[in-house]
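The values are calculated or read from the model by the stated rules, or taken from the named source; none is laboratory data. On a predicted model such as this, the values are computed, not experimentally measured, just so you know. Using ideal geometry, Cβ is built from the backbone for each residue, glycine included, and neighbour counts are taken over all protein chains shown.
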Amino acid sequence: MARPRIVIVGAGFAGFTAARELVKLSRGGADIVLLNPTDYFLYLPLLPEVSAGILEPRRVSVSLARELPGVKVILGEADQFDLEARTVGYTDPEGAKKTLGYHRLVIAVGSVNKLLPVPGVTEYAHGYRGIPEALYLRDHMTRQIEMADNAEDPAERSARCTFVVVGAGYTGTEVAAQGVLYTKELTRHRPGLKGEPRWLLIDTADRVLPQLDPRLSRAADKALHERGVEILLNSSVEQATAEGVRLRGGEFVPTRALIWCVGVRPDPLVAGLGLETKQGRLVVDEFLAVPGHPDMYACGDAAAVPDLTRPGEITGMTAQHATRQGATVARNIAASYGSGRRRAYKHHDLGFVVDLGGLDSAANPLGVPLSGLPAKAVTRGYHLLSMPGNRVRVAADWLLDSVLPRQGVQLGLVPANAVPLDSAFPAAMPNSGATEVKAQP
Ligand SMILES: Cc1cc2nc3c(=O)[nH]c(=O)nc-3n(C[C@H](O)[C@H](O)[C@H](O)COP(=O)(O)OP(=O)(O)OC[C@H]3O[C@@H](n4cnc5c(N)ncnc54)[C@H](O)[C@@H]3O)c2cc1C
């Protein structure tokens, strides 16, 4: 390998940004290789809008080849690292095993669904991490409403119109807020479905959005209540079955839809490296380098990055941190080749935006709390600016959604067993009433 070769594993917020910045900094003097299972960068924060039928899935999937000229994109999933020989082993989309050598390595593999030892959850719940899950949920909600409309048994009808979201962080809150609007739209055309769909949002915390500014929690709580979402705080699911879920305290809620948004944990690949981890994340120093491995860096959800603004803590798993860490990694790798000076990662929180669907949002840009229309404008503007591509298409979908009714049809492209909560057990998922395993015709 005559030219420096920098291999980045993972093309999410951190890996995408690192690749883009490295191309600029290296000015053609290095090979930048990006290894990722898909040919797109997924803009995760807008995923709830895909399942609510506002955005088409390709809108949140930004082409790596188009947006990263000068980067060699390799499709595959890393599964082996030899840190002595400086190679990454990976499996390509057709199952072939291949190897890549590197001079500098960046681990940016993100995170996976967090699992809790709750009986039945692995079998009957679905997570929320990518396009397949978002498409599955959209179809599943549509199908349940359609089947409820045909059901003669009132108990079955009611169960099919009940949707349970576990986890009131930003993902669960947005999924419930957008989902309730989508299912209301579906039932509007079905006079046989008396009453509105029932949505429950459950969390062990004492407020929604427990990790965010309490003022955002209040705005989200108000919007959800106004839509009739039942918010069960200091509560949890103790058991999931094909017929429904049992809550802490014993109440049984009949449902066919359990959406698991309890958070994420680092990708298990990180544990397999045999290096030091903290809360499952790969330990790095403030320069995002792995101690003892000067040619290895990590960033984003996969890395335990010291938070210099909150001594003793590590940075949160957010897109904001991941993006900025990706840029810092690029700068520090360039510095390791003598171009510029390396810098420690230090980033003050610039606020958060939560899109609640309809005309509602909650946001605190630079610490200023906003709700309603001003928050909506800030939220949408923020997303458009943050997306590395597809902006006009996203804006066009938003515009169309504001003037046209949603398209409430299922495509049936994603069978339930293609979106298991725990990807370690894709084949072990049994069939169940909650998770039809056959793709719809
Ligand atoms: C539904 C949802 C909504 C969210 N909303 C917000 C929000 O509003 N604001 C916010 O700040 N944060 C939000 N987050 C969190 C934010 O998306 C993450 O913190 C961020 O994506 C982390 O960036 P990352 O680059 O570390 O990982 P990711 O963006 O997850 O990217 C990791 C990449 O690595 C790839 N990869 C994984 N394993 C391998 C492997 N073995 N080999 C090769 N490639 C691999 C993945 O396919 C992926 O492309 C949300 C998350 C979700 C799931």
**Item:** Where Arg281 falls short, out of the listed (1) over 27 Å from Leu212 (Cα atoms); (2) within 12 Å of the ligand (Cβ to nearest atom)
**Value:** (1)
**Prompt:** Quick one: is Pro294 assigned to a strand (DSSP E or B) and either within 11 Å of the ligand (Cβ to nearest atom) or modelled with pLDDT under 95 (or both)?
**Reply:** yes
**Message:** Take the conditions more than 20 Å from the chain's Cα centre (by Cα), farther than 26 Å from Ser111 by Cβ, surrounded by fewer than 23 Cβ atoms within 10 Å (Cβ to Cβ) and more than 16 Å from the ligand (Cβ to nearest atom) and apply them to Leu232. Does it pass?
**Reply:** no
**Message:** Looking at Tyr136, Tyr128, can you tell me which residue is within 30 Å of Arg188 (Cβ to Cβ), touching a residue at least 60 places away in the same chain (Cβ under 8 Å) and not in a loop (DSSP other than H, G, I, E, B)?
**Reply:** Tyr136
**Request:** Among what's in segment 102-122 and is farther than 18 Å from Thr328 by Cα and within 16 Å of the ligand (Cβ to nearest atom), pick the residue that is surrounded by the most Cβ atoms within 10 Å (Cβ to Cβ).
**Result:** Tyr102
**Prompt:** Does Val60 satisfy the condition of being touching a residue at least 60 places away in the same chain (Cβ under 8 Å), touching a strand residue (DSSP E or B) at 6+ places or on another chain (Cβ under 9 Å) and surrounded by 22 or more Cβ atoms within 10 Å (Cβ to Cβ)?
**Reply:** yes
**Request:** Please enumerate the residues belonging to segment 85-113 that are at pLDDT below 95 and farther than 22 Å from Ala327 by Cβ.
**Result:** Val112, Asn113
**Prompt:** Do any strands (runs of 3 or more DSSP E) lying entirely in segment 1-117 carry at least 2 residues that are hydrophobic (A, V, I, L, M, F, W, C), and which ones are they?
**Reply:** 5-9, 31-36, 40-42, 71-75, 77-82, 104-107
**Single residue of segment 138-179 satisfying the filter (of a type in the set (Ser, Thr, Tyr) and more than 16 Å from the ligand (Cβ to nearest atom)) that is nearest to Val121 (Cα to Cα)** = Thr162
**Request:** Please work out if Ile74 is more than 11 Å from the ligand (Cβ to nearest atom) and aliphatic (A, V, I, L, M).
**Result:** no
**Asked** Does Arg207 count as of a type in the set (Lys, Arg), without any contact (Cβ under 8 Å) to a residue 60 or more places away in the chain, surrounded by fewer than 21 Cβ atoms within 10 Å (Cβ to Cβ) and in contact with a Phe, Trp or Tyr (Cβ under 7 Å, 6 or more places away or on another chain)?
**Response** no
**Message:** Give all pairs with beta carbons closer than 6 Å in which a residue from segment 8-21 that is under 13 Å from Pro388 (Cβ atoms) meets a residue that is more than 7 Å from the ligand (Cβ to nearest atom) and among the hydroxyl-bearing types (Ser, Thr, Tyr); count only pairs at least 6 apart in sequence or on separate chains.
**Reply:** Phe13/Thr323; Thr17/Thr323
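Matching residues to (1) without any contact (Cβ under 8 Å) to a residue 24 or more places away in the chain; (2) more than 13 Å from the ligand (Cβ to nearest atom):
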site: Asn332; (1), (2): no, yes
site: Ala344; (1), (2): no, yes
site: Lys376; (1), (2): yes, yes
site: Tyr382; (1), (2): no, no
**Prompt:** Which one of Arg86, Arg138 is out of contact with any strand residue (DSSP E or B) (no Cβ under 9 Å at 6 or more places or on another chain), crowded, with 18+ Cβ neighbours inside 10 Å and of a type in the set (Lys, Arg)?
**Reply:** Arg138
